[in-house]
1. Grab the DSSP H runs of the chain that are 4 residues or longer, score each as -39,500 (n - 2.57), total them, divide by all residues and round the 222 nm result to the nearest 500 deg cm²/dmol.
2. What is the sum of charges, Lys and Arg at +1 and Asp and Glu at -1, for the other residues whose Cβ falls under 13 Å from the Cβ of Asn169?
3. What net charge do the residues around Asn223 carry, taking every other residue with its C-beta under 12 Å from that of Asn223, with Lys and Arg at +1 and Asp and Glu at -1?
4. Long-range amide H contacts for Gly94: which residues qualify at under 5 Å (H placed 1.01 Å from N, peptide plane, sequence gap of 5 or more or a different chain)?
5. Any chance you could run the full-extension gain for Asp142 through Gln212? It's 0.36 nm times the residue separation minus the Cα-Cα distance, nm to one decimal.
6. Calculate the dipole size of segment 75-232 relative to its Cα centre from +1 charges on Lys and Arg beta carbons and -1 charges on Asp and Glu beta carbons; express the result in debye to the nearest 20.
7. Listing Thr166, Thr177 from the residue with the fewest other Cβ atoms within 10 Å to the one with the most, what is the order?
8. If you average the sequence gap of Cα pairs under 8 Å that are 6 or more apart and divide by the length of the chain, what percent do you get for the contact order?
Amino acid sequence: MSTSNRYRQAGFTLVEMIMVVVITGIIGGMVAVFLKAPIQQYMDVARRAELTDIADTAIRRMARDVRTAVPNSVRIAAVGCAQKCVEFLPTKDGGRYRADTPGNVLTFGTGGGNIFDIVGTAINFTAGAAPDYIVIGSTQSDGNPPYDPSTAGILRAYTGAAGLQTTVNFTATALPTTAALPSHRFDVVDGAQRAVTYVCEGTQGGVLDANQNGQGKLMRYSNYGFNLVQVLPTVGGAILADKVSACTIDYDIPNQRFGLVAVRLTLTSGGESVSLYNEIHVNNAP
């Protein structure tokens with residue numbers, strides 16, 4: 001074979017390379033067309049799953065908190081907060097106080113005492129700068145007495161020693177006679193949290209941002225103190241859910257023994273929305 005024939009048979013021509021590039025591009029375009037729908041579907045499913053998980057986690061946290069509320073402490077009547085927030089006192093423990101001698105018996109009314117024995121298991125109390133609180137005799141459905149430390153209210157700061165205790169000391173303000181109940185129950189409110197408020201913020205009108213995401217948030221506020229009249233807190237907030245486009249919180253009291261907190265939460269991302277609805281039972285039997 002001559003040298004000229006050997007060189008003519010080696011490599012590719014420019015035309016052949018261009019044809020390969022064109023054919024590869026056509027095949028790639030066809031594959032992209034067929035893969036676009038499954039990939040978009042996967043992304044949509046992943047986005048919906050993320051939104052659902054965020055909403056579900058937020059509502060579960062809220063439900064867990066509300067179910068521990070001091071009886072008749074749930075309230076939702078703040079000015080400018082209708083159907084947007086709910087406040088309550090979450091309990092960390094509870095028990096029965098001694099009502100008969102011998103021992104430290106809790107007495108009520110003018111000249112009443114500020115010490116009593118726990119009937120049953122000892123309770124682990126926190127004392128010091130942020131002490132726990134006790135609530136006794138919460139029977140009024142307006143939700144205000146559990147927030148009131150005065151002689152007309154039923155909230156008292158714990159003043160005993162920290163740790164496991166079988167005797168409870170509280171601030172020297174006698175409880176009203178209306179707080180004495182046949183159940184002899186008392187509730188312990190965590191001093192590190194005190195009152196708690198859940199608020200739907202920035203959801204009015206369901207306006208979306210430039211990326212078609214919800215602009216609102218579901219916030220949880222705590223450790224802001226106790227207010228006799230409900231107010232909207234501005235400090236101590238934590239974000240439970242973002243990208244919220246719609247949110248409502250309602251509280252209904254069908255009878256004296258229980259209430260119902262209804263929460264509807266809608267999250268929107270990329271123009272796609274997920275809505276969850278949950279009803280939370282509230283035990284108001286003191």
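1. -7500 deg cm²/dmol
2. Once positives and negatives cancel, what remains is -1.
3. +1
4. Val188
5. Extra length from Asp142 to Gln212 when fully extended: 21.2 nm.
6. Dipole magnitude for segment 75-232 comes out near 40 debye.
7. By the 10 Å Cβ count, ascending, the order reads Thr177, Thr166.
8. Once normalised by length, the contact order is 19 percent.
Quick note: the coordinates plus some simple rules give every number you see, no bench work behind them. Computed from a prediction, not measured in an experiment: that's the story for all the values here. Here Cβ is always computed from backbone atoms with ideal geometry, including for glycine, and neighbour counts include all displayed protein chains.
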